[in-house]
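The values are calculated or read from the model by the stated rules, or taken from the named source; none is laboratory data. Note that the coordinates shown come from a computational prediction; the quantities given were computed from them, not determined experimentally. Don't worry about glycine lacking a Cβ; one is built from the backbone with ideal geometry, like all the others, and counts go over all protein chains shown. In case anyone asks, the SASA skips ligands and DNA or RNA and just uses the protein heavy atoms, side chains included. Shrake-Rupley method; radii C 1.70, N 1.55, O 1.52, S 1.80 Å.
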Amino acid sequence: MLRQSLAPNLIGNSKTNQAKFGSFGIFEIGSVFFSPPGDIKKSDKEEGFLPYQEKRLGICLAGESAEELFSRAKGIVEYLFSSLNLPAAFTEKEIKPAWADGKMCAAIISGKELGCVALLDRQAGKRSGMKKEVVVVELSFNILDDLSEQSAGIRHETLPKYPPVMRDIAFAVDAKILYNGIRNEII
């Protein structure tokens, strides 16, 4: 069984951390998987494709006030979109996640629907052991990346697999030797 949402892990991590902090936020970028075949072949020898997979960005805020958390989560999304020069709008989400509160759930739109921001339903929260209010944001990272490249020409590069290593070297020298003498020898 492969996960179809980042929300369960984020809620579980919030449950673990709720006793240590009054309010907090966490995030995750990870893959989710769906039944239809995707773009990746199973292997060179076999026919068929692996299940469709997508990168998603998940943000989870936990605290005491549901309204304040929901507003703060929307603000984080708006800030993210504005930093990528993308418009962000929130509309009522027609099909809500099973764990979401019916009144505080909104679709995130930027030309097309990219995800949602939703308050964790109180009953679902109690069943999972949550004592705080929780708001979860889940966005399609793939679509967000494509839109940011189209709108502002922002290009992203992956981090190098083997980044350069900087070393600090220390010398024990006689007190009579001056810094410039050492510097001139090295250069």
Accessible area per residue for segment 124-187 in Å², computed with a 1.4 Å probe and the full protein assembly in place, what is it?
87 Å²
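Tell me which trypsin sites (Lys or Arg not before Pro) from segment 30-131 have a DSSP coil assignment and no more than 12 other beta carbons within 10 Å of their own.
Lys42, Lys45, Lys112, Lys131
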Excluding the sites themselves, what is the longest stretch of the chain that contains no GluC sites (Glu not before Pro) in a DSSP loop with at most 13 other C-beta atoms within 10 Å?
95-156
log₁₀ I(q)/I(0) of segment 44-106 at q = 0.13, 0.22, 0.29 Å⁻¹, via Debye over equal Cα point scatterers, no solvent, to two decimals?
-0.53, -1.12, -1.35
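Can you compute the charge dipole magnitude of the chain about its Cα centre, using +1 on each Lys and Arg Cβ and -1 on each Asp and Glu Cβ, nothing else charged? Give it in debye, rounded to the nearest 20. Working shown, then result.
Values: 24 positive and 24 negative charges, 129 e Å.
It comes to approximately 620 debye.
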Separation of segment 14-32 and segment 73-131 by C-alpha centroid, Å?
16 Å
Run a plain Debye calculation on segment 137-187 (Cα atoms as equal point scatterers, no solvent) and give log10 I(q)/I(0) at q = 0.23, 0.28 Å⁻¹, rounded to two decimals, same order as the q list.
-0.96, -1.08
Just from the alpha-carbon atoms, what are the Rg and Dmax of the chain in angstroms?
23.5, 78
Tell me which chymotrypsin sites (Phe, Trp or Tyr not before Pro) from segment 1-60 have a DSSP coil assignment and no more than 13 other beta carbons within 10 Å of their own.
Phe21
